[in-house]
Structure formats: structure tokens, C-alpha cells
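See below for the structure under consideration.
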Amino acid sequence: MKVTETYLKGCFIVEPTVFTDGRGNFFESFNQKVFEDKIGLKVNFVQDNQSISQRGVLRGLHLQKGEFAQAKLVRVVKGKVLDVAVDFRKNSLTYGKHFSIELSEENNKQLFVPRGFLHGFITLEEDTIFSYKCDNYYNKGAEVGVIYNDKELNIDWLLKEDDIVISKKDVILSKLKDTIF
């Protein structure tokens, strides 16, 4: 497993070692001990989530606040997404900066999104299966969000605005500067 820290401190790209032969391929998608050794943190994942979305579905940008804060390890089982993490830690030197990466069934890359980061993704292929581990349980009352097209964030979602499908809940989120945490 190769682990590389992004320019956002605590946010890591995780690339499993893939073994391929005439039968197909095999890789270990998660190993608690190896993962913790590589990122230098103890992380106890307690919940796995999965979504299936059509091309153009944008989910985000969200985080859980306070005692319900969550770190996530995200991956694509089928299809392709542009995955985005935004540093929302007020005292961070990279507050308001984002990192984006293409995750796909072909590249098997994963992204570790630490607590205090907004997270979102857009599906780039039909029937994309997105899966993620969380280190804390979801609490609806602790959810915070920022609108995906905030000019201050300047995220290139790779698709035209007309091709983006977003929930009623996410389309009314506030801008970064107006979001109370």
C-alpha cells in the first residue's frame, strides 16, 4: 500500500498494491494496522456507507461537526468520480483550500478525508458505486454544508452546470464565508 499526503495536512491518497494475473486482479482494500502505520494516526472506523448514482450526480459538500465529526476513507467500487476534500479547520493554514482527485474502479485509489474537512463528489459515469468508511456515526443535527459552486472555493467539477444533478437539500447550502461551524 502506498500512502501519499496531499498538500492539505492530514488528507491522504491511499493506493493499494494490486496483484494481476490471467484470472483478474486482487487487492487488499483496507488493513487497519498498515493504514494506521502509514498515516500515523489511530482511526477506528465504525460505519460503512455506499451509494449508487448516475452520471452527473453531485453529493456534497458536507461534514459532521463537534462530537459527531467524522473522518472518512472513500473509494469507488464501480465507475468513476471526482472526489473533493475542503479544509474547513478554522486555524489551518490551508483553510478554504481544496484537493480533488479522480477515483475509479480502474485506479483503485482511495482518499482519507480527516475530521474538519468538507467532502463531496460528482459521478463521472453511469451506475457509479461509491463506498466509504466513517470513524463516527452519522447525526443529522451535526451536519454542516457549503454550496458546491461557491466562487471562493473555485472547484472545477469537470461537468457543465446543466449536467449536474444535485439534491434540493444541497442546492440551498450557504457559501463558505457564511457557514457557521
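The values are calculated or read from the model by the stated rules, or taken from the named source; none is laboratory data. Bear in mind that the values here come from a model prediction, so they are computed numbers and not experimental data. Counting neighbours? That spans all protein chains shown, and the Cβs are built from the backbone with ideal geometry, glycine included. Keep in mind that these areas ignore ligands, DNA and RNA; they rest on the heavy atoms of the full protein, side chains included. Shrake-Rupley method; radii C 1.70, N 1.55, O 1.52, S 1.80 Å.
None of G96, G60, G10 is in contact with a Phe, Trp or Tyr (Cβ under 9 Å, 6 or more places away or on another chain) and within 22 Å of D127 (Cβ to Cβ) except G60. Filtered by the rule that a residue be in a strand (DSSP E or B), hydrophobic (A, V, I, L, M, F, W, C) and buried (at least 16 other Cβ atoms within 10 Å of the Cβ), the stretch 60-79 gives L61, L63, L73, V74, V76.
Within the stretch 18-59, the set of residues being open to solvent by 70 Å² or more (accessible area, probe 1.4 Å) and part of a loop (DSSP other than H, G, I, E, B) comprises G22, R23, E28, L41, K42, N44, Q54, R55. Here the condition is being in contact with a Ser or Thr (Cβ under 9 Å, 6 or more places away or on another chain) and at pLDDT 95 or above; of S131, S167, it holds for S131 alone. Looking across the stretch 1-17, the residues that are under 16 Å from the mean Cα position of the chain (by Cα) and in a strand (DSSP E or B) come down to V3, T4, E5, F12, I13, V14, E15. Residue check: T179 meets all listed conditions (1) of a type in the set (S, T, Y); (2) over 30 Å from F26 (Cβ atoms); (3) open to solvent by 20 Å² or more (accessible area, probe 1.4 Å) but one, namely (3).
For residues that are in a loop (DSSP other than H, G, I, E, B) and among the polar types (S, T, N, Q), scanning just the stretch 100-130, find the one that is least open to solvent (accessible area, probe 1.4 Å). Restricting to residues being in a loop (DSSP other than H, G, I, E, B) and among the polar types (S, T, N, Q), the top hit is N108. Reported count of residues in the stretch 131-148, each being in a strand (DSSP E or B) and under 17 Å from S167 (Cα atoms), is 4.
Just one of the numbered conditions (1) within 18 Å of A142 (Cα to Cα); (2) under 13 Å from the mean Cα position of the chain (by Cα) is not true of F88: (2). Remark: D150 falls outside the filter, which requires a residue to be open to solvent by 20 Å² or more (accessible area, probe 1.4 Å) and of a type outside the set (G, A, S).
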